[in-house]
Amino acid sequence: MPLSIRIMKLLLVGLLLALCAGCGFLFGDKGMFRDKSQDYKKAPEVPVISVPQGKDATALREIYVIPQIESDMVLAGEFEVPRPAPLVAGAGDEVVRIQKLGDESWALIGVPPGQVWPQVRSFLTAAGIQVARVDARAGIIDTNWLTLEGQPMGSRFRFRMEQGVQRGTSELHVLQMNQAGDVNSWPSSSDNPEQGQEMLRAVAQYLANSAESAPVSMIAEQGISATGKISMQESPDGYTYIQLELPYDRAWASLGRALDKSAFETVDRDRSAGRYDVRFLGPQSEEEDGWFDWLFGGEEEHPLAGEMFVVTMAAAGEQAVTIRLQPQGGEQEVTKRDEQSLLALIKGNIN
C-alpha cells in the first residue's frame with residue numbers, strides 16, 4: 001500500500017477519534033446541544049405571583065387548571081365495588097338545544113365555552129354583522145347597529161356565553177336593543193323579544209352544524225369557567241346534597257325535569273316550600289332491556305323501587321340552591337350508598 005494512502009487513512013482515523021471525543025462537548029449532558037426533553041421533571045414549584053392590592057390579577061391565572069373532583073364521595077366502612085354509574089337521559093341528545101323559562105330563552109350547547117366562542121365569531125363574520133366590542137374573558141360580544149328588513153329602527157345584539165350547569169357544556173344568551181331612548185346601557189331584557197329569539201335560533205342552528213368540529217379559544221376558555229355549576233357535597237351532619245349554582249326559579253324548573261328523566265314519578269309538589277314528593281320507579285320505569293336492567297342486574301327488582309321520597313330545595317344565596325333527598329316518613333332504610341346513587345342520577349339530568 002502506498003505511503004500516501006496509509007497516511008490518509010491514519011488522518012481519517014484520527015479525525016474520527018477527535019470527533020467522537022468532541023461528541024460529549026456537543027451533545028453530552030453539558031454539551032451545547034444537550035437533550036432538554038426531560039428538563040420538566042426538574043422544574044420547581046413556585047408560588048403564584050402576588051400583585052399590589054387593587055390591581056387585576058386575571059392574566060396571572062393558571063392556563064390549564066386541574067379541576068377539583070366534587071362528587072367523589074368515599075364511604076366509611078368495608079369497601080364494596082359500586083355499581084357502574086348509568087348514562088344520564090340527556091347524554092345522547094342533540095349538541096344544541098334551545099331552552100325557555102318564562103320570557104327568557106337561551107341555547108344549551110354540549111361543548112365547552114372555549115369551543116363556542118370562535119363559532120359565534122365565525123357566525124357573525126359569515127352573516128356580515130360587524131362587531132363593536134369583544135370581551136373574551138367575560139364571554140361577551142356586542143354588535144354594531146343593524147338595519148333589519150321591515151323594521152322602523154336599528155337594532156344591535158349582545159351575545160353572552162357562559163358555563164353550563166354540567167361540566168363541558170355552555171349556554172348562549174342573546175340580548176337585543178332598539179336604537180331609541182338610552183342607547184348607552186343595555187336593557188335587562190330584549191326591547192324586541194321576537195328579534196332576540198330569531199337571532200338566537202339563527203346562531204343556534206349555525207352552532208348545531210359545526211359545534212363538534214370547532215376550534216378552541218384559550219382566552220375564552222380561561223375566562224369562562226369550565227368546571228360546571230353543579231356538584232355533590234357532604235354536610236357536617238353526614239348527609240349528601242347537591243349544590244346547584246342557579247337562581248331559584250330556574251333551579252326549581254330544572255329539578256322538576258330532572259326528576260322526570262331520572263325514573264321518579266312526581267306525586268305532589270309545593271314550590272313555596274321547595275318540596276317534591278316523588279316515587280322511585282326503578283327498573284319498572286324502563287321498557288324491555290333498558291339500561292336499568294343492566295345496572296341493577298337483569299330482572300331483579302331494585303330494593304327501593306316503589307318507595308316514596310321527599311326531594312327538598314333550599315336557597316343558598318341569590319344564585320345558588322341546595323337539593324336533598326330523604327325517605328318519606330322515615331319507614332324504609334336508605335343506605336349512604338343508595339342516597340348518593342339516587343342523587344347522582346338526579347344530578348346528571350339537571351341542566
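The values are calculated or read from the model by the stated rules, or taken from the named source; none is laboratory data. Keep in mind that this is a model prediction, so the values were computed, not measured. So basically every Cβ, Gly included, is an ideal-geometry build from the backbone, and we count neighbours across all protein chains shown.
Observations on the structure shown:
- Matching residues, the range 231-263, being surrounded by 18 or more Cβ atoms within 10 Å (Cβ to Cβ) and in a loop (DSSP other than H, G, I, E, B): L246, S262, A263
- Annotation note: Cβ proximity below 6 Å between a residue of the range 318-345 that is among the hydroxyl-bearing types (S, T, Y) and a residue that is at pLDDT 85 or above and assigned to a loop (DSSP other than H, G, I, E, B) (sequence gap 6+ or interchain) occurs for T322/A316.
- In the range 93-135, the residues that are hydrophobic (A, V, I, L, M, F, W, C) and part of a loop (DSSP other than H, G, I, E, B): V95, V111, I129
- Top-ranked residue in the range 264-316 [being of a type in the set (G, A, S) and modelled with pLDDT under 75; ranked as nearest to the chain's Cα centre (by Cα)]: G290
Residue-wise test of (1) surrounded by fewer than 14 Cβ atoms within 10 Å (Cβ to Cβ); (2) modelled with pLDDT of 90 or more; (3) more than 11 Å from S105 (Cα to Cα).
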{"site": "R167", "(1), (2), (3)": "no, no, yes"}
{"site": "A180", "(1), (2), (3)": "yes, no, yes"}
{"site": "P187", "(1), (2), (3)": "yes, yes, yes"}
{"site": "Q197", "(1), (2), (3)": "no, yes, no"}
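- Of all the numbered requirements in (1) modelled with pLDDT under 85; (2) assigned to a loop (DSSP other than H, G, I, E, B), A138 misses one, and that requirement is (1).
- Test result for Y241, modelled with pLDDT of 90 or more, over 30 Å from I140 (Cα atoms) and over 26 Å from the mean Cα position of the chain (by Cα): no
- Test: R250 is modelled with pLDDT of 75 or more, within 23 Å of K100 (Cα to Cα) and touching a Leu at 6+ places or on another chain (Cβ under 6 Å): yes
- Verdict on T125 being at pLDDT 90 or above and exposed (fewer than 13 other Cβ atoms within 10 Å of the Cβ): yes
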